[in-house]
Amino acid sequence: MTVFLRRNLGEKNGIVVIVTGTPSTGKTTIAKRLAKKINGMYVDVNKLVKKHGLSIGYDRKRRSKIIDIDKLTKVLENLIKNSKKDLVIDSHLSHYLDSKLVHLCLVTKCELKTLRKRLEKRGYHKSKIRENLDVEIFDVCLTEALALGHKVDVVDTSKGLKGWEFKEKKR
């Protein structure tokens, strides 16, 4: 699959690409590869959550941090507005950003059997595996990204990323 991105000539800030999808579908691999390809800055949202204290608790049942989405989007919006660099933002929450600030939203997906194996390999609890499989079945990240007005391309990582490339077109 080839993903194209159009850069507006004369744009003051860099391009912003967000990479979202169910955990273990390949977001980080895609985001890092893309950031390197465009000589952009890779943004790890998990590090921003820690740095800015955006976790507002811990859900013991789901075994995950609870993130203040409003504060997270404000931190990301400030980063985007103050950056002259191209940014590639990696998080299953990145699609909550205002679509006007984002040039392209990549949604990573993969087959359920592959996803289950990846989640098990990472040591996810059975209930968390079930939850993430349900998120993938119902296309939650894709549906939300489209509903929020993002320009979306889907990247299927089921068989790895061989043949996946990114090309930029100037306009």
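The values are calculated or read from the model by the stated rules, or taken from the named source; none is laboratory data. Just so it is clear, the model here is predicted, and its values are computed rather than measured. All Cβ positions, even for glycine, are placed from backbone atoms using ideal geometry, and neighbour counts span all protein chains on display. Note: areas computed on protein heavy atoms with side chains; ligands, DNA, RNA excluded. Shrake-Rupley method; radii C 1.70, N 1.55, O 1.52, S 1.80 Å.
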Area of C141 that stays accessible when all protein chains are in place (1.4 Å probe, Å², to 10): 10
Positive-end residue of L119, T20, N132, charge dipole of the range 16-143 with Cβ unit charges: L119
Listed residues H125, H150, H92, most fluctuating in the chain (Gaussian network, C-alpha, under 10 Å): H125
Alpha-carbon Rg with Dmax, taken over the chain, Å: 15.9, 50
Sequence-distant residues sharing a close amide H with I67 (under 5 Å, placed H): I56
Net +/- balance of residues flanking K32 in space, Cβ distance below 14 Å, scoring K and R +1, D and E -1: +2
Cross-link table K126/K159; K85/K113; K100/K121, entries beyond 32 Å C-alpha to C-alpha: K85/K113; K100/K121
Cα lying deepest toward the dipole's positive end in the chain, options G149, A31, S94, charges on Cβ: A31
Magnitude of the charge dipole, the chain, Cβ model with Lys/Arg +1 and Asp/Glu -1, debye to 20: 640
Computed [θ] at 222 nm, helices only, for the chain once each DSSP H run of length n ≥ 4 contributes -39500 (n - 2.57): -10500 deg cm²/dmol
Within a Gaussian network of the chain (alpha carbon springs, distance under 10 Å), most fluctuating of K32, K100, K151: K100
